[in-house]
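Structure first, commentary second.
The values are calculated or read from the model by the stated rules, or taken from the named source; none is laboratory data. Keep in mind it's a predicted model, so treat the numbers as computed, not measured. Note that each Cβ is placed from the backbone with ideal geometry, even for glycine, and that neighbours are counted across all protein chains shown.
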């Protein structure tokens, strides 16, 4: 079993298996669009494919040396679950916006103003511990806080293990697994750049 808060002090690579099936994270925004009648067939198919892909690869991760923590992204969205890891490890995390695998349709929907109340509540509950780039549009923040149903995994690992882990994830169908940031010494907070 991997303990979620077993991160040693020092720089750690941070990667995600999100998206699980097709092109990216951010599924509740799809649900909000579906309720409004604004979700197209391709985005609906992507939503179903992602929510039905299981995180079975998680059972293989304890075999890899260099993995220090794993959590799934669910109701608190990417930022909420990443911040939980920061708090448990007493580390800061730098996340690169441009490295995040996000469904293209989710980008379009968020930019059009579609979002969830949960995303807003998530930001209100932990936004004080997150630094966003100056001028970042609210719709991008919405995506970072968007809750997930059957979300992907966030994995904290040593740099030397990151390539092998990404290769494993991709071989198991998580084709957009990506390195999205780094932990560093500092107070439990997230900096998005």
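Assorted remarks:
- Every residue from the range 97-135 that is out of contact with any helix residue (DSSP H, G or I) (no Cβ under 8 Å at 6 or more places or on another chain), in contact (Cβ under 8 Å) with a residue 12 or more places away in the chain, more than 24 Å from residue 38 (Cα to Cα) and not in a helix (DSSP H, G or I): 131
- The residues of the range 146-193 that are out of contact with any strand residue (DSSP E or B) (no Cβ under 9 Å at 6 or more places or on another chain) and within 23 Å of residue 118 (Cβ to Cβ), listed by number, are 147, 149.
- Test: residue in the range 61-81 that is in contact with a helix residue (DSSP H, G or I) (Cβ under 8 Å, 6 or more places away or on another chain), assigned to a strand (DSSP E or B), at pLDDT 80 or above and under 17 Å from residue 145 (Cα atoms): yes
- Among the residues of the range 16-45, those identified as at pLDDT below 55, surrounded by 24 or more Cβ atoms within 10 Å (Cβ to Cβ) and in contact with a helix residue (DSSP H, G or I) (Cβ under 7 Å, 6 or more places away or on another chain) are 17, 19, 20.
- Total residues in the range 55-75, condition touching a residue at least 40 places away in the same chain (Cβ under 8 Å) and either surrounded by fewer than 13 Cβ atoms within 10 Å (Cβ to Cβ) or under 24 Å from residue 109 (Cα atoms) (or both): 8
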